[in-house]
Amino acid sequence: MTDTLLPNPPNPAPRCHVVLPCAGTGSRAGTAAPKQYETVAGRPMVLHTLAAFQAVERIGRCLVVVAPGDHFLSLDDPRTQLARCGGATRAQSVFNGLQVLLDSGADNSDWVLVHDAARCLVTPAQIEHLMDACAHDAVGGLLALKLPDTLKVETAGRVAATVDRSDKWLAQTPQMFRIGALRAALAAQADNGFAGVTDEASAMELAGLQPLLVPGSAQNFKVTYPEDFAMAEAILRSRT
């Protein structure tokens, strides 16, 4: 009797995780507390953000990265985890969050979607759209919006030039990359304090890669200034 050789089991499909940097102070928003905790349409803004990701079944885990002494959030969703390892910058918070994912069972080949806590208007459909577009891409990509307005260069308060906008995009989030590749790209900039890293795509660009641009929505804006809260409130209430 000869032994029967069984085929090797197929490699499991890469999982999808979320890192939500939530350690910023939001100084431009003019709020007494961090802006992500301001109440908008009946609940803290970050909970609207989380709800959109929790509605996407393909996402395995949402990691919310908060400051070490931050105890504002209390979460009871089994797919959502708090990590009190936020850094002084967004890039440091994301870098720390990626390490938490790896230390708790994630694989370098898994996908991670990084999203601004203050982009509380993102929808599950937009998240799914990005995931579908990036699922078989060698690099990954980000939601972005073609620049709709004329762009000016300023010198001493006056217009110095008008910039061609035909190839200009406004970067949004989520931004979706392999955990290992993104962590390596951020690690390469860690010694210089992540200078020049304004989002995850910029870190990948510094590593010599070209992220995919996936059309997003004008409603997926980041709440930044005091007047943005009223706009976000109006949009959220119109959806309900």
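Every number here is computed from the coordinates shown, using simple stated rules; none is lab data. Predicted, not measured: the structure shown is a model, and the values here were computed from it. Note: ideal-geometry Cβ built from the backbone for every residue, glycine included; neighbour counts use all protein chains shown.
What is the dipole size for the chain, taken about its Cα centre, with +1 at each Lys and Arg Cβ and -1 at each Asp and Glu Cβ, in debye to the nearest 20?
Here the size comes out at about 500 debye.
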Quiz item: Gaussian network model of the chain, Cα springs within a sub-10 Å range: biggest mean-square fluctuation belongs to which of V163, V214, V94?
Solution: V163
Quiz item: Cross-link partners among lysines for K152, C-alpha distance below 22 Å, same-chain residues fewer than 8 apart left out?
Solution: K168, K222
Quiz item: Which whole-Hz ³J(HN,Hα) couplings does region 70-77 yield from phi under the Karplus relation 6.51 cos²θ - 1.76 cosθ + 1.60, θ = phi - 60°, glycine and proline marked x?
Solution: 8, 10, 5, 8, 9, 10, 10, 7
Exercise. Kindly write out, for region 178-188 in residue order, the coupling ³J(HN,Hα) from the Karplus curve 6.51 cos²θ - 1.76 cosθ + 1.60 (θ = phi - 60°), rounded to whole Hz, with x marking Gly and Pro.
Key: 5, 4, x, 5, 5, 4, 5, 5, 6, 4, 5
Quiz item: Does region 17-156 come out rounded, prolate or oblate by the C-alpha gyration tensor, with a ≥ b ≥ c the root eigenvalues, rounded set by a/c under 1.5 and, if not, prolate when a/b is larger than b/c and oblate if not?
Solution: rounded
Quiz item: What dipole magnitude, in Debye to the nearest 20, does region 55-125 give about its Cα centre under +1 on Lys/Arg Cβ and -1 on Asp/Glu Cβ?
Solution: 160
Exercise. Find which of M204, P215, Q99 sits farthest along the positive direction of the dipole of the chain, computed with +1 on the beta-carbon of Lys and Arg, -1 on that of Asp and Glu, about the Cα centre.
Key: P215
Quiz prompt | HN-Hα J in Hz across region 44-60 - Karplus 6.51, -1.76, 1.60, θ = phi - 60°, x for Gly and Pro | solution = x, 3, 4, 6, 5, 4, 4, 4, 5, 6, 5, 7, 9, 5, 6, 7, x
Self-check item: Translational diffusion coefficient (Stokes-Einstein; Kirkwood radius from C-alpha pairs) of the chain at 4 °C, 1.567 mPa s, in µm²/s
Solution: 68
